[in-house]
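A.B. asks: Okay, handing you the structure first.
Nothing in this text is a laboratory measurement; each read-out follows from the coordinates by a stated rule. Keep in mind the model is a prediction, meaning the values are calculated, not measured. Counting neighbours? That spans all protein chains shown, and the Cβs are built from the backbone with ideal geometry, glycine included.
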Amino acid sequence: MTNTDDQPATIERVVALVELQDRVIQEIRDREATQGPNAPRTIINRNQPGEDRLNVDVSLSAETSDGRRISSGRPDFGMGGGRHGINGIWHRYHGPRPANDEDLDEYIRRHHHVGLADIEDGINQMLGRDPELHRPPRLSWGNLIKTLREHNIEVTEDELINAPLTVVLHPEVQAELENH
């Protein structure tokens, strides 16, 4: 769709880029180190680290009707959890059921590895997109709404909640899901 002067751009799609939290933190530290001692510092929130945890940061952007992709320019929220078993279920279990009489909890302990469905549930929760999940007191749209406003696009949380969402896994996140 082509934008004309009398029609403001609208949001066609929201994109959630998922990156490893340690990688994002290191990029921020590297960038700040090159800017010198008087550069503004970024507040970094880090999830509990651990060998059996997967911690990611999610950065939001919006694709607009006039062909732009507008990003908030920083991580909008972080999330994490266990990689395996019951701890690897971040919100709800999406996997197969045991074929025999095995207890579901025992089956999950032995077979479940965190995957894309767990990450998508976390994103949908933080953005208020899934009414079945607990809704946090404050949704994570603030940075994107502010950035869109700076580009003369007025949008509400509800409009973003209802926009199509594409989740993009950074290759390092995809490798973590495949290798654990």
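A.B. asks: Sort the range 119-180 into rounded, prolate or oblate with this rule: let a ≥ b ≥ c be the square roots of the eigenvalues of the Cα gyration tensor; rounded if a/c is under 1.5, and if a/c is not under 1.5, prolate when a/b is larger than b/c, oblate otherwise. Don't skip to the end; give the middle numbers.
C.D. replies: Values: a/c = 2.65, a/b = 1.54, b/c = 1.72.
Verdict is oblate for the range 119-180.
A.B. asks: Okay, next question. Let me know the shape class of the range 11-179, please: from the alpha-carbon gyration tensor, a ≥ b ≥ c as square roots of the eigenvalues, rounded when a/c is under 1.5, otherwise prolate if a/b is greater than b/c, or oblate. Write out the running numbers ahead of the final one.
C.D. replies: Working: a/c = 2.42, a/b = 1.44, b/c = 1.68.
Since a/c reaches 1.5 but b/c is at least a/b, the shape of the range 11-179 is classed as oblate.
A.B. asks: Ranked by Cβ crowding within 10 angstrom, fewest neighbours first, how are 144, 60 ordered?
C.D. replies: Values: 144 24, 60 27.
With the sparsest Cβ surroundings first, the list reads 144, 60.
A.B. asks: Could you check the simple spin-label distance between residue 156 and residue 10, using points 7 Å along Cα→Cβ, in nm with one decimal?
C.D. replies: The answer from the label model is 1.5 nm.
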